[in-house]
Amino acid sequence: MFFYWYNVFGDIMENKSIDLDSNIQYLKGVGPKMAELLKKINIYTIRDLIEYYPRAYEDRTKLYTISELIVGENALFIADVVKPVQVLRKAKLTILSTYVADDTGVCKLTWFNQKYIKEKLKLGDRYIFFGKVINDNGKKAIETPTIYNLSELEKVQGIYPIYPLTAGITQNYLFKLVNSVYDNKPLVKEFFDDDFRKKYSLAEINFAMRNIHFPKTFNDVNNARRRLIFDELFMLQLALMTIKDSNLGKKKTTKFSNVDITPFLELLPFKLTNAQSRVIDEIKKDMYSSRIMNRLVQGDVGSGKTIVAAIAIYIAVKNGYQAALMAPTTILANQHFNELSKYFSKLGITCDIITSSTTKKSKGIIIEKLKNNEIDVIIGTHSLIEDDIEFNNLGLVITDEQHRFGVKQRMKLGDKGSSVETLVMTATPIPRTLSIILYGDLDLSVIDEMPPDRKPVKTYVVNDNLEARVNEFIRKQVKEGRQAYIVCPLVEDNEALELKSVEMLYEKYKNEIFKELNVEFLHGKMKNKEKDEIMRRFKNNEVNILISTTVIEVGISVSNATIMVIENADRFGLAALHQLRGRVGRGSHESFCILKSNNRSLQARQRLKIMETSNSGFDIAQKDLELRGPGDFFGIRQSGLPEFKLANLLTDVNVLKETQDAVKDILKEDRNLSKHIPLKKELFDKYGEQLTKRTT
Ligand code: ADP
Ligand code: MG
């Protein structure tokens, strides 16, 4: 493995010309204080700075006359100073003002505390001014206009970038800073050859990098954008395909022979769906082949992915290998452990679990057993990828709810064996185009069928007026033996507030509304032991109503629970709502999802309406994507989706398709990129960390 990557990157590692990755603090005009502020907008290096793209542009190509000035708009104009600069002091403020005029009219200019203006502006001289026109008692005026000398006209006239700002950083500061980096010398070596650029209509890279900031025309802006968007998508595709290629190139040292899975199937209380059987066949084909498996299993919430994973594990273990199953939360890891060990224990397969709540002592024992091949199957959370976990002969790794992990974490688990079959599972209902981006290095299997007895979850959007009726409905269902979840409003990134909100809700429901019922609450910050205990009691129907944060969002499966109530549902992304709703409707009882929201905005109502009308994760994802754009949909934090600076996955799908072809074109002829050294360097600069991680 290491040698592969050494060969790919070895020849370019010493050859860096300009260090775009150097600390921004040492750029002239920055220093420690400004560096702190720049960090707030994620600018740490020079590369970050030049990739800090304008959010819009201001047209300063036109020269106005004073009579043409429009209140409320920015304008560039030439005028003579017709009054001496007046200086007025008001408390701590020094106000400087003057009048300027051209053949068409007069305009008042004012500055605050900029005392040098008095020296700078000479009565009778002509200057260029730029600023926003305001109405000053019926007359045109400008506050703090920028002043330029006449000789600067050519430089000043043009299209100006408008950057997103933060307190303490001005447009002008950023403009000058970015400008100072572009001292006319090309910053990077072009990494596409001329023919390639022609084929895909791509501007030269240095042209694009400069013109995204300092264009002369809007056509330049468009050309620059196209090139940079292409690059973003292309590099990601290239990285993923290179990873895929390295996986394909890995020698398979494991050997799997045909296993009869009937003994396992006989333990199941149900028959596999056709889709499950098909996906299992695809997995078998991979495992029995001479190629290492790298497969994504996508299936909507409740489609039965766990059993598919279990059968893959069964095949691996029957072939004498160890298997690992990683889940994103302790609750889910426990659920998998309880469910699977039930089956495995009957088949003579040893199974154990490691999470953050495993004591040091038992962890030590498990680690020893894993090394000695005394454990066949290990289930766990992120704890599984810690360095001290070693295997005797790991043959299969499975990541459940892959969208909760990054690409790196999924790889790290696989790197614990020499040639490991990899299966990743996700319910994230993303459109095909996007799954290519997230999982471009994987083969895809889809479970596109639900178990037969499922009834669609009935979904209702309600406001406060219906609260009493909703509560009565819950009570009625509980009387019939069913259970309910009530999910707290989302409190973004604030655990203290979240805890408060779940406790308040708990008080309300337990002490006021459902006094006679067993109500419990669950929160991410609780001790794992407590969480497990509550989940165990909920599973045994000892708890009627579970108040919870979104810790139950992924994977949890309690088939007797039939009601999902979500408070302030409008705060959640539709993908999250769909996942939460997927906690009910997992058995044969009719299930209900009640989305509470008092948000009257059209967009909020439209979005929740989608939940009422659709039960398909894929449709919901597509519609949500159209309404809100991909950033919002995923909630970047949990998507594992790379953040793009310019590219928009919704509007740039066509460019994405082009880049896929382009990458294939290049790799077909030059698999190691040895004829594309500058491109290889760029790939290394952008994704090297992720790619080189594979070597360690
Ligand atoms: P998910 O795909 O969301 O991970 P699970 O694997 O948790 O779904 O399965 C959801 C529920 O459906 C579980 O209770 C499971 O036992 C059940 N199940 C899985 N496959 C079938 C099947 N073929 N027929 C009936 N029930 C099934
Ligand atoms: Mg699952």
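The values are calculated or read from the model by the stated rules, or taken from the named source; none is laboratory data. This one's a predicted model, so the numbers in the text were calculated from it and none came from an experiment. Methodologically, a virtual Cβ is constructed for each residue, glycine included, from the backbone with ideal geometry; neighbour enumeration extends over all protein chains shown. Areas reflect the complete protein model, heavy atoms only, side chains present, ligands, DNA and RNA absent. Shrake-Rupley method; radii C 1.70, N 1.55, O 1.52, S 1.80 Å.
In whole Hz, with x marking every Gly and Pro, tabulate ³J(HN,Hα) for region 72-84 from phi via Karplus 6.51 cos²θ - 1.76 cosθ + 1.60, θ = phi - 60°.
Result, rounded to whole Hz: x, 10, 6, 8, 10, 8, 10, 8, 9, 6, 10, 9, x.
When the gyration tensor of region 458-628 is built from Cα positions, what are the square roots of 5 times its three eigenvalues, in whole Å, from largest to smallest?
Values: eigenvalues 115, 63, 54 Å².
Ellipsoid half-lengths, sorted descending, are 24, 18, 16 Å.
What is the sum of charges, Lys and Arg at +1 and Asp and Glu at -1, for the other residues whose Cβ falls under 10 Å from the Cβ of Phe130? Intermediate values should be presented prior to the final figure.
Details: positive: Arg60, Lys132; negative: Glu58.
Net charge in that neighbourhood comes out at +1.
Which residue, chosen from Ile379, Asn223, Tyr44, occupies the Cα position most advanced towards the positive end of the dipole of the chain, where the dipole is computed from +1 (Lys, Arg) and -1 (Asp, Glu) charges on Cβ about the Cα centre?
With unit charges placed on the Cβ atoms, the residue in question is Tyr44.
Under a 1.4 Å probe, what is the accessible area of the chain per residue, stated in Å²? All intermediate terms of the calculation are to be shown ahead of the outcome.
Working: 32510 Å² over 696 residues.
Computed with neighbouring chains in place, this is 47 Å² per residue.
Give, in nm to one decimal, the length gained when the segment between Asn373 and Ser67 is fully stretched (0.36 nm per residue of separation minus the Cα-Cα distance). Mind dumping the intermediate values first?
Working: separation 306, 0.36 × 306 = 110.16 nm, distance 8.67 nm.
Contour length minus the Cα-Cα distance gives 101.5 nm.
Can you say what percent of the DSSP beta bridges in the chain, counting only those with both residues inside, are antiparallel? Round to 5. Mind showing how you got there, number by number?
Values: 36 of 90 bridges.
For the chain, the DSSP antiparallel bridge percentage is about 40.
Given a 1.4 Å probe and the protein chains all in place, what does the accessible area of Tyr148 round to, in Å² to the nearest 10?
40 Å²
Using 0.36 nm per residue of separation minus the Cα-Cα distance, give me the extension gain between Lys458 and Asn338 in nm, one decimal.
40.3 nm
If the only charges are +1 at each Lys and Arg Cβ and -1 at each Asp and Glu Cβ, what is the size of the charge dipole of the chain around the Cα centre, to the nearest 20 debye? Each step should come with its number before you reach the end.
Numbers: 102 positive and 90 negative charges, 177 e Å.
The dipole magnitude comes to about 840 debye.
Classify region 304-371 as rounded, prolate or oblate, taking a ≥ b ≥ c as the square roots of the eigenvalues of its Cα gyration tensor: rounded when a/c is under 1.5, otherwise prolate if a/b is larger than b/c and oblate if not. Don't skip to the answer; put the middle values down first.
Details: a/c = 1.97, a/b = 1.25, b/c = 1.58.
The shape class here is oblate.
What is the spin-label model distance, in nm, from Lys132 to Lys500 if the labels are put 7 Å beyond Cα along the C-beta direction?
3.5 nm
Could you state the angle between the C-alpha long axis of helix 528-539 and the longest principal axis of the C-alpha atoms of the chain, as a value from 0 to 90 degrees rounded to the nearest 10?
Result, in degrees: 60.
Per 0.36 nm of contour for each residue apart, how much would the distance between Gln603 and Lys255 grow if the chain were fully extended, relative to their Cα-Cα spacing? Show your work: numbers first, answer last.
Numbers: separation 348, 0.36 × 348 = 125.28 nm, distance 5.40 nm.
The Gln603-Lys255 span can extend by a further 119.9 nm.
To the nearest 20 debye, what charge dipole does region 539-604 have about its Cα centre, counting +1 at the Cβ of each Lys and Arg and -1 at the Cβ of each Asp and Glu? Before the final figure, lay out each step's value.
Numbers: 7 positive and 5 negative charges, 19 e Å.
It comes to approximately 100 debye.
Along Cα→Cβ, 7 Å out, is where each label goes; now give me the distance between the ones at Ala167 and Lys120 in nm to one decimal.
Each label point lies 7 Å from its Cα, and together they span 2.7 nm.
Would you compute, from DSSP H runs of 4+ residues alone, the mean residue ellipticity of the chain at 222 nm, taking -39500 (n - 2.57) per run and dividing by the full residue count, rounded to the nearest 500?
-12000 deg cm²/dmol
If a/c stays under 1.5 just call it rounded; otherwise compare a/b with b/c (prolate if a/b is bigger, oblate if not). Do that for region 274-345, with a ≥ b ≥ c from the square roots of the Cα gyration tensor eigenvalues.
It is oblate, given that a/c is not under 1.5 and a/b is not larger than b/c.
Give me the one-decimal nm value for the distance between modelled label points at Glu58 and Thr350, 7 Å along each residue's Cα-to-Cβ direction.
7.1 nm
Choose one of Tyr439, Val470, Met241: the residue whose Cα lies farthest towards the positive end of the charge dipole of the chain (beta-carbon charges +1 Lys, Arg; -1 Asp, Glu; about the Cα centre).
So the residue furthest toward the plus end is Val470.
For Glu73, what accessible surface area do you get with a 1.4 Å probe? Give it in Å², rounded to 10.
90 Å²
Rounded to the nearest 10 degrees, what's the angle between the helix 617-628 long axis and the longest principal axis of the chain, both from Cα atoms, 0 to 90?
Relative to the chain, helix 617-628 is tipped by roughly 10 degrees.
Could you state, as a whole-number percent, how many of the C-alpha pairs of the chain are farther apart than 43 Å?
Working: 98332 of 241860 pairs.
Across the chain, Cα pairs with separations above 43 Å total 41 percent.
Between Lys216 and Glu449, what's the calculated FRET efficiency when r is the beta-carbon distance and R0 is 56 Å? Round to 0.05.
Numbers: r = 57 Å, r/R0 = 1.01.
About 0.50, to the nearest 0.05.
Out of the total accessible area of the chain (probe 1.4 Å, heavy atoms of protein only), what percent is carbon and sulfur? List each step's numbers first, then the result.
Numbers: 16290 of 32510 Å².
Ligands and nucleic acids excluded, carbon and sulfur give 50 percent.
Under a Cβ-only charge scheme (Lys and Arg +1, Asp and Glu -1), can you give me the dipole magnitude of region 458-628 about the Cα centre, in debye to the nearest 20?
Numbers: 28 positive and 25 negative charges, 69 e Å.
Dipole of region 458-628, to the nearest 20 debye: 340 debye.
Using modelled amide H (1.01 Å from N, peptide plane; none on Pro or chain starts), what sits under 5 Å from the amide H of Phe521, excluding residues fewer than 5 places away?
Ile547
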